1. Starting from the eigenvalues of the Cα gyration tensor, five times each then square-rooted, give me the equivalent ellipsoid semi-axes of the chain, largest first, whole Å.
2. When ranked by the protection proxy of mean other Cβ atoms within 10 Å per residue, highest first, what sequence do the peptides 153-164, 678-689, 699-710, 391-402 form?
3. Any number yet on Rg/Rh for region 114-190, C-alpha, Kirkwood?
4. Can you give the translational diffusion coefficient of region 59-139 in µm²/s, computed by Stokes-Einstein from the Kirkwood radius over Cα pairs at 37 °C and 0.692 mPa s?
5. Given region 313-390 reduced to its alpha-carbon atoms as identical point scatterers, what log10 I(q)/I(0) does the Debye formula return at q = 0.12, 0.21 Å⁻¹?
6. First measure r as the distance between the Cβ atoms of Ala36 and Asn602, then evaluate 1/(1 + (r/R0)^6) with R0 = 51 Å and state the FRET efficiency to the nearest 0.05.
7. Which of the peptides 491-500, 65-74, 612-621 is most tightly packed, and how do the rest follow, judged by the mean count of other Cβ atoms within 10 Å per residue?
8. Bin by bin, in steps of 5 Å, what percent of the Cα pairs in region 105-153 do you find, going until the bin that has the longest distance?
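Please treat every number below as a calculation from the coordinates, not as lab data. Note that the structure is predicted; figures quoted are calculated from it, not measured. As a convention, Cβ positions derive from the backbone with ideal geometry for all residues, glycine included, and neighbour counts pool all protein chains shown.
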Amino acid sequence: MTRRALSQLVLLPAIAPFMLPIPAGAQDLQPGANFASAPSKVAQATSFAEGARLADFDQDGDLDAVMALGGTFSLGQARHWSSNASTAGGSFAFTDTTAARMPVLLSQAQSLEALDVDGDGDLDLHICNTAQFFSQSNLWLINQGGSQGGSAGVFTLDLTRYSGIGLAGSSIPSSLMIASGAFSGGFADWSHGCDFADVDLDGDHDLLQLSVGPSFGGATMHRLLRNSGGFFTEYNPSAAISGATSLAAGSAAGWVEGTQAEGTSNSTGANHDITGVSFDADFGDLDGDLDLDLVVQHRNAQSRVYQNRYVENGSSIGNEGSGTRLYRDLTGAVISLSQSGPCQDIELMDIDSDDDLDLWTLNYVGFADRIHLNSGSGAFSSIGSPLGDAGEDENEIDVTDYDADGDLDVFVSNFQGTNRVYKNLTAQGVLPLSASDVLQRTGVLGVESELAAPGTNANSWLSADAGDLDGDGDEDLFVSQDGISTQSSVHINSLGVSDTAAPRLPMITTFGAPVNPTSAARRIVAQVYDNGALERLRDAVGVLEYSVNGGPIQTAPARWAGGNLFTSEIPGYLFGSIQYTMKVTDRAGNTGASASRNLIVNSNGLSHFGASSPGCAGPHTISAETAPTIGNPVFAANVAACPPSTTQLLIATNSQGFGGDPFGIGLANGTWIDIFLASEVYALDLHVDGSGLGTTALPLPNDVNLVGAQYFLQAIIQNTACSLPPFDLSASGGLAVTILP
C-alpha cells in the first residue's frame, strides 16, 4: 500500500517516538530480540515494492512470496519468489522465479490479493493498479495448475475474468474501457486495493474493487463484482452509470442502499457514501448474523462501515424494485465519528478473544493508532491507542501470533520510521482489554541494520505478511519497502515456539432451513476465529460432518467464505433428524470444532399404502431414505426381508392399484400398482445384498415439469427358502411418491 502519492508531494515531519512505561504485571513474556533480520534470503529487484503476500502457490508445502511492484509514479513488474523450505528446512531461501512464473507486464501496481478465483484448487492473483499516469486495468493472473492443466505456480494474464463491464447494467462508463494493448478487456479504475468475500453466500468469492480516483481525488465509486464460475459481473441493481471521474451526489449507482451523499451519517438506507481515498477493506461478520459485513478505510475522511443485508432481505441480495440492496451504510450508527475518522489502514481482528471482530485503525489524528472494540452487535467503541504508540507515519497493519500464546499480536510497517511489534496480553488473562494491555515491543525485531534514518523515502516500509517461512513452527515476517534498490526483507523468528492454538467456532447455523425437503442444498455457515489474520483462514481446511437419523457420519467440504466465515452444504433432499458439526484445521495443523446442531426435516412426498404379503423372512417393508425432489441423484427405493444376494422385481406406475390379485399369482394382500390404466409402467431390477436389503436406484432429473407428478411403487419377490403356493411369490406394500420441487 504505497504512500508515495502523499509523501513525495508533501514530506511529512518526523514525529519523535516515545515509549510509555510498562505497568507492573504486564511485562513482555518474550523479552529481547526475537527476530533476526535476513534480507539476503530474498533476491532483490530494482523497482518500488508494494503489497506482499505469502502463500503456497506451487503447492509444494512451503510458503512462496509475491509482490506488486510499480506504484503511483512508476511502472514495475510483479515479482514471484519460490521457497525451498519444504526441502531445505531452516536453511531455506527465496529464489526469484519471476521470469518463469509471471507474465511480462509493467504496471502501476499498488496491492494484490491471492485467492482461488476459479475454484480449481490453486491460488490465483488479483493485482490492483492505480493507473494514475497510464490507462491500465487491474490484473487477473490465473494459476495454471488445477483445471488449466499446467504447472502450479505459473501465472497467465486473463482479463476475460471481467464479464459485462461497460455494458448495460454496469456503472462503468465506456470512457474507462480499454480496447487495445496489454490491458485490453479491462478498465481503468484508479484502484489501490481490493478484497474478496462470498458476500451473497452462494459458495464462491466475490470482489470489492476500491478506487482512489484520479489524482487521489477520492470521488470515484468503489465497485462490487459478483463471481459466477470464476468470471466477475458488477452488482449494480439501479444500472446507473458513474461519471468517469466521480460519483455524482444523489446517484443510486452501486451496491449500497440509498443515494450518494459524501460523508453521510445517515444509517437508515436513504443515503450512502461509497467513494473515498481507500487503500484497504476488510470483510467480516460484525453483527453476528453470519453474513459478511464490511469496513472500508478512507485516508482523508471517515472510514465507512457497511452492513450486509442478506439476512435482513430474507436470504436475498436485494433488488431495485423494492429499493433494497445487499449492503447498507451504517457508519453513523455503529462507530463514533469523533473517535475513528480518517486513517491509513484498517484491520478487523478479535483482539480481545471474545468471539467478535474488533477494529484497529492506523494513523488517526497525529498519526495515533486506535483500537475499537466490538460490542458483539457490530457497534464499535474506541479504547484509545496501544501502549507505546510512537505517533509515526505508519503504513500497514499485519496480524501475527509471533509468540504463539494464542492471542493476536500486531506488526506495523512504518513508512517514515522503525517497524513496530505490539504484544497482546489477552492470553495472559488481562481482561477486559484496555489499550495499555497492547504493548509496543519493537525490540523483538532486534537491530534492523537495513533501515536508514526515519523520514527518507528510500527506506519506507510499506507492507508485510506473516507465516512460517523456515518450517520451524513459529511466525516469521516478509516485509516490502518503498525503495529503488532494496525492496524486501525477511525477519526470522528465533523463538521456536510452535502454534498450538486451535480455531474457535462459536456460532453455526443453517440458513433459511425449511422444514420440508427441497432440491436446493441447505447452506451451513459458521464463524471461525484463529490466532492469525483473517485472510490466513484462506489456507485452513474445513469439513462438515453430518448424520441422518443416527446413521453413519457423512462429510462435505467447508470453504472459507472470506472474513471470519466458513460455509458448507447439506443435500436438501435429506429428511429426518440431521445432526451436523463443522471442523476447521489451520495452517499449523490445529483442528477446532463447532458445537453439534440438529435439524428436523419432514418426510414430505412419500406415503405408504396397502399391506405386504410376507415372504420367507417376513414382511417386505418398502421405503426411501431421501426425499423425491427434482435433481436428487441418490433417490432410491429399498425393500427389506428379500432373499439375500438375488435380483428381484420393482414395478413403478403412474396409476395406483387397490389390492386384489388380478393375475392370480398368489399375492395374498394384493397388487397395489395398476398396470392396466397406467400410462407409464416401469419394470426395474431390485438388487438384493447379502443381508436381504433390496435397492433400486431411481435418480430424479432436475426437471421442474415433474413437480407434482405421482408414481406408485411395489416390489414382487420370488422366494426359494420356503414354499409359498402357488408360485412362491410375495410382495411389498405400496409406496406413493410425489415429486417435490
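1. Sorted largest first and rounded, they come to 57, 28, 24 Å.
2. Result, highest mean Cβ count within 10 Å first: 391-402, 153-164, 678-689, 699-710.
3. On the Cα set of region 114-190, Rg over Rh gives 1.02.
4. After rounding, the answer is 238 µm²/s.
5. -0.43, -0.94
6. Plugging the Cβ-Cβ distance into 1/(1 + (r/R0)^6) gives 0.20.
7. Top of the packing list down: 65-74, 612-621, 491-500.
8. 5, 23, 25, 17, 15, 11, 5, 1
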